[in-house]
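Visitor: Below you'll find the structure I mean.
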Amino acid sequence: MTAVVEAAGLVFPVGAINAIRARIEAEPDLGRTSLSRLVCEDFDFRNALGQPRELACRLALRELEGRGLLQLPEAQTTVRKSMPARVQSVVEFDQRPVRCRLEALGEVGLIAVAAADGWLSDLWNEMIAAHHYLGYTPLVGAQIRYVIESEHFGWLGAFGFAASARRLAARDRFIDWSDRERRNGLQRVVSNARFLILPWVEVKNLASHVIARVTHRLAEDWQCRYGYTPVLLETFVDAERFDGTCYRAANWIEVGESSGRGRQDRKRTAQKSRKRIFLYPLRTDWRTQLGIAERVSPPQSGDDWIEREFGGCKLGDPRRTRRLVSIVRDFYARPQASVPMACNGDVAKVKAVYRFMNSKKVTPSKLLDEHCRETIVRMATERVVLAVQDTTTLNYTAHGATEGIGPIGVRASPAVGLILHDTIAVTPTGLTLGVLDAQVWVRDCEEKNPHRPIEEKESVKWLRSYEAAAKAQAELKDTLVVSTGDRESDIYELFALVTARANGPALLVRANGDRYVDEEQKRLWAHMESQQLAGHRELMVPPRPARASKPARVARMAQLEVRFATVVLQPPDGKKKLGKLRFFAVYAREENPLDPEDPIEWMLLTTVEVKTFEQACEKLDWYAERWQIEVYHRTLKSGCRIEERQHHTARTLENCLAIDMVIAARILHLTWIGRTCPDLPCTIYFADNQWKALYCFLNKTTVPPKEEPAIREVIGWIGKLGGHLGRKCDGPPGTKALWIGLPRMHDIAEFFKVFAKLAEGP
């Protein structure tokens, strides 16, 4: 027997086993609970607050008995009474639906439930018992409970944190710790055992917002209550009920699934639903804090997002790939700059960029290939992803010397350039995951037969983008990909292609043509207007600048009348061979519009089932996120200034466009994170030298704060550099302010590093 013995995270010193044996022999009537208390006193097993670790000690003694080192007293058999519900009605809930924007809730507070606060504790218990699908059971071990409260609407939900699972295969593989390291560090892993948003509260992005809030303050609250700080959080998401989208939006990491057995299933007979496991590190040095020894591993590529998105591109030569990564770094640091400005006037570097763009080994598809694969990886973490596709034009009329461009406007317009039809992956909450497909071409101005097949028309772009979404769907077994388009995508050949694929992506388009929908030759609009009103839905309508064809539109909250039905579309003349197609239709029209000439009116056609009002509203919410591609195109043109790139040929322009498309997606992603998860730590996006440099620059100091700020603050600083005033009425910075501020941030950060080295001395 070894001199020192470890069990259940406790280290028993030399002679401890013999001493415990002697005490058991001397006091045969001593119970296990009393024994563990005495052992804690004998060997000073205490927590950070100085309290005896009796539970850990009892577990350790049982483990030692299992090894044959001890013979414990007989366990006392007691009749276990059924646990009282301990849940009583303490408050009358106002169950009127809460449907508004996150900002309308006012201040969203987290109230910690103290053990002595009986009323608040009963309130928490009642909410969980009545509205959480697992019901109420006492939390295990050390715990902290929170009640979520809105300044304007009262109670919103509840949080509960407790002891983590002792063994969890997926988690333990991710952490990569030994049994000894697990026993010693498990105390600093805390489980999010309960999370509830009351069922009548329907506020977009509320869940991810409060998750970010609670993770920001939990460590401090836990330290105050228990005397030590947790460094890693875990939670379980029932995949049959939930998608886990709010945890992903709050930057939690999905690491695998549970085995489908409970904590007390020692005989391995229980068959419960499997749970997705998510983890969230509270500190960047969490592995060190858990006492995990460094593992020797080969160097990893992908240390930052540029390496991940471009480092794996196959360009025929590793040097060419390294050049690409360097170019992207320069372009991202100064998204609005020309090539010479992005290269800081370095003539050799400028020549290298143009030589790279002109290389026959470099094509847009090769440049986007690795990014598209990474986009699919990100899509795999979602239950539903919208593959939003649209067309935009790139105007290069001012660049008369550029070869290979063509007409982009109407027949009489002198405008020339390129036409881009792209597809981006967007979550139903509006998070841009990346680019899935890009088609660039020059329009042929020759007269053509309007009755030519679809393969000879520009409309084939919609079918090709759908095929790209189909390739992604083939790799995503647990993700539903929904190809989404505006009225231009109302193409019967596309409908036929979708319905012919058994396992392909779903389709969601806004109808443009008033098609026949039944044998009586009834039109689609008339058919849907005759359907019973299913309910009303509020929709936030974004502002729209004045156009040549449409007046300006102010932002407003529109009240929509919603109707839905199953329709059988009749093929148009000349396409009878395509046959009839069955679709679900959702018709939404604004009630009492401000402008009767321009009401919100959506006629949506989809292959995703719509049989309830909730399902109809879901499709409306999905289509509303189609607006993200409009914002994306604006970011690409105004933020990256792709139309101001000067190249001799259309081919080099296309290569440059491919890089700028990824950068634009990155800027859009940053904007979304700042607005929906403002309390996340800034280090998920920014290096230490970047946020410290910004703080010192804006506050005119040489001493940065010791603790990292929230991402909301850093984005606000960048917005200030881009002209955002940051007043209460202004809201968070938009994409324009960010793409203007980012180059200044990078310059300030570079100067910060230089001056830091000077301060260190020779």
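Readers should treat all values here as calculations from the given coordinates under stated rules, not as data from a laboratory. Fair warning: this is a prediction, and the values are worked out from it, not measured in the lab. Don't worry about glycine lacking a Cβ; one is built from the backbone with ideal geometry, like all the others, and counts go over all protein chains shown.
Visitor: Which FRET efficiency value, to the nearest 0.05, is calculated for residue 67 and residue 176 with the Förster distance at 25 angstrom and r the Cβ-Cβ distance?
Guide: 0.45
Visitor: With +1 on each Lys and Arg Cβ and -1 on each Asp and Glu Cβ, and nothing else charged, work out how big the dipole of segment 5-66 is about its Cα centre, in Debye to the nearest 20.
Guide: That gives segment 5-66 a dipole magnitude of about 140 debye.
Visitor: From the helices alone, meaning DSSP H stretches of at least four residues, give me the mean residue ellipticity at 222 nm for the chain, per-run term -39500 (n - 2.57), in deg cm²/dmol to the nearest 500.
Guide: Only helices count here, giving -11000 deg cm²/dmol.
Visitor: Under unit Cβ charges (Lys, Arg +1; Asp, Glu -1), what dipole magnitude, rounded to 20 debye, does the chain have relative to its Cα centre?
Guide: It comes to approximately 1380 debye.
Visitor: Okay, next question. Run the quick spin-label model on residue 503 and residue 202: label points 7 Å from Cα toward the beta carbon, then report their separation in nm to one decimal.
Guide: Placing both labels 7 Å along Cα→Cβ, they lie 3.4 nm apart.
Visitor: Okay, moving on. So for each of 661-670, 282-291 I average, over its residues, the number of other beta carbons within 10 Å; can you give me the resulting order with the highest mean first?
Guide: The densest-packed peptide leads the list: 661-670, 282-291.
Visitor: Within segment 312-356, what residues put their amide N at less than 12 Å from the label point 7 Å along the Cα-to-Cβ vector of residue 646?
Guide: Only 338-341 fall inside the zone, counting backbone N under 12 Å.
Visitor: Let me ask something else. Let me check I've understood the local charge: for residue 344, count other residues with C-beta under 13 angstrom from its C-beta, Lys and Arg +1, Asp and Glu -1. What total comes out?
Guide: -1
Visitor: Can I ask one more? Tell me the relative contact order for the chain as a rounded percent, counting alpha carbon contacts under 8 Å between residues six or more apart.
Guide: Relative contact order, the chain: 8 percent.
Visitor: Sticking with this structure for a sec: Any idea which of 247, 372, 583 is furthest toward the positive side of the dipole for the chain, if Lys and Arg beta-carbons carry +1 and Asp and Glu beta-carbons -1?
Guide: The residue sitting most towards the positive pole is 372.
Visitor: Which percent of the Cα-Cα distances in the chain go past 34 Å?
Guide: 59
Visitor: Place +1 on the Cβ of every Lys and Arg and -1 on the Cβ of every Asp and Glu in segment 98-289, take the dipole about the Cα centre, and give the residue among 109, 224, 141 whose Cα lies farthest towards its positive end.
Guide: With unit charges placed on the Cβ atoms, the residue in question is 141.
Visitor: Which residues does a label at residue 754 reach in segment 674-691, if reach means a backbone N under 19 Å from a point 7 Å past the Cα toward the Cβ?
Guide: 689-691
Visitor: Work out how much length residue 120 to residue 47 would gain on full extension: take 0.36 nm times their residue separation and subtract the Cα-Cα distance, in nm to one decimal.
Guide: 23.5 nm
Visitor: Using only the C-alpha atoms of segment 98-289, find the volume of their convex hull and express it per residue in Å³.
Guide: For segment 98-289, the hull spanned by Cα atoms encloses 125 Å³ per residue.
Visitor: Would you mind checking the tilt of helix 318-333 against the longest principal axis of the Cα atoms of the chain, expressed as 0 to 90 degrees and rounded to 10?
Guide: The angle comes out near 90 degrees.
Visitor: May I pose another question? How far, in nm, would the chain grow between residue 133 and residue 627 when pulled straight, counting 0.36 nm per residue and subtracting the alpha carbon separation?
Guide: Residue separation times 0.36 nm, minus the Cα-Cα distance, leaves 174.4 nm.
Visitor: Magnitude of the Cβ-charge dipole of segment 98-289, K/R +1 and D/E -1, about the Cα centre, nearest 20 debye?
Guide: In debye, rounded to 20, segment 98-289 gives about 1020.
Visitor: Helix 688-699: angle to the longest alpha-carbon principal axis of the chain, degrees 0 to 90, nearest 10?
Guide: The helix 688-699 is inclined about 80 degrees to the chain.
Visitor: Starting from segment 103-150, pick out the chymotrypsin sites (Phe, Trp or Tyr not before Pro) whose DSSP state is loop and whose Cβ has at most 13 other Cβ atoms within 10 Å.
Guide: The qualifying sites are 133.
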